[in-house]
Amino acid sequence: MTCTLCREDVHKSFKGINDILFWQCNNCNLIFKDVEFLPSPEAEKLRYSQHNNTPDCKGYVEHLQQAIEPTLPFIYEGMTGLDFGCGPNPVLSQLMSDSGYECYHYDPFFFPELPDERLEFMFATECFEHFFNPGRELNLITSLLIPAGVLTIITERWKDTTDFNTWWYARDNTHVCFFHDRTIEFICEHYGYETMHDDGEKLVILKKLVVGR
């Protein structure tokens, strides 16, 4: 098996919730589902279409603010950014636009066109865990950001104490890969980022190095 992030050979596997087969990379600590357990595109789109995420949903807006508020010290009004993996309702880009930022939105199922220009900031909230090929997605994300561009990620990270037989985050069939603190370190080392903020659980804000990939 080959790691879907770092492309190293992976030999460690285990069964978790619902007897799903997971692979754990010894190099970058990414855990990912075996290809047999990946959802079909139809199942993915149906699942995402059921999300009731609108500007009128107070709980969802508050969730997005958990990404927006810590990011604001690292960007300023007038910057151009992107909500990457926004789903069927691009609420975050609307919130950013309302606050004086130009913010595009992209989703492979619902808004598949990417902006032509390179970007000064990007949000990826609750989408990294959906990546079938996180290495390819990070190549894309990194190519879209200018040097010194800011990348804000929200994804629940697994810990050394996490039990994949009971962890709620592994229960969603569209969650196919899971990041560790070491995985974030690998992303910084390999793709050329430095960490600006890390809550130790699910939120990390990275800045693309001026000299990097």
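Below 27 Å Cα-Cα, how many Lys pairs turn up in the chain? Only count pairs eight or more apart in sequence, or on different chains, if you could.
16
Counting other C-beta atoms within 10 Å, which of Leu82, Leu144 has the fewest, and how do the rest follow?
Fewest to most other Cβ atoms nearby, the residues stand as Leu144, Leu82.
Fewest first, what order do Arg182, Arg136 take by the number of other Cβ atoms within 10 Å?
Arg136, Arg182
Whole-Hz ³J(HN,Hα) for each residue in the range 85-98, computed from phi via Karplus 6.51 cos²θ - 1.76 cosθ + 1.60 with θ = phi - 60°, x for glycine and proline: what do you get?
Those phi angles translate into x, 6, x, x, 10, x, 5, 4, 5, 5, 4, 5, 5, 5 Hz.
What is the set of long-range amide H partners of Thr125 at a cut-off below 5 Å, with H atoms built 1.01 Å from backbone N?
Phe84, Ile154
Quick one: net charge around Gly100, please, counting Lys, Arg +1 and Asp, Glu -1 for every other residue with C-beta under 14 Å from its C-beta.
Charge balance in the 14 Å sphere: -4.
Given the C-alpha centroids of the range 103-171 and the range 27-58, what is the distance between them in whole angstrom?
Using only Cα atoms to place each centre, the spacing works out to 12 Å.
Determine, for Ile20, Ile153, the number of other Cβ atoms within 10 Å of each Cβ, and report the residues in order from fewest to most.
Ile20, Ile153
Please figure out what share of the DSSP beta bridges in the range 39-208 is antiparallel and state it in percent, rounded to the nearest 5.
Of all bridge pairs located within the range 39-208, approximately 40 percent are antiparallel.
Taking 8 Å as the Cα distance limit and 6 or more residues as the minimum spacing, I'd like the relative contact order of the range 39-208 as a percentage.
20 percent
Could you give me the ³J(HN,Hα) list for the range 22-36, computed from phi with Karplus coefficients 6.51, -1.76, 1.60 and θ = phi - 60°, whole Hz, x at Gly and Pro?
Working through the residues one at a time gives 10, 10, 10, 7, 7, 8, 10, 6, 5, 10, 9, 6, 4, 4, 4 Hz.
Any cysteines in the chain with zero other Cys Cβ atoms under 4.7 Å from their Cβ? List them, or say none.
Cys57, Cys86, Cys103, Cys127, Cys177, Cys188
Any read-out appearing in this document is the output of simple, stated calculations on the displayed coordinates, not a laboratory observation. Not measured: the values here are computed from a predicted model. Backbone-built Cβ (ideal geometry, glycine too); neighbour counts: all protein chains shown.
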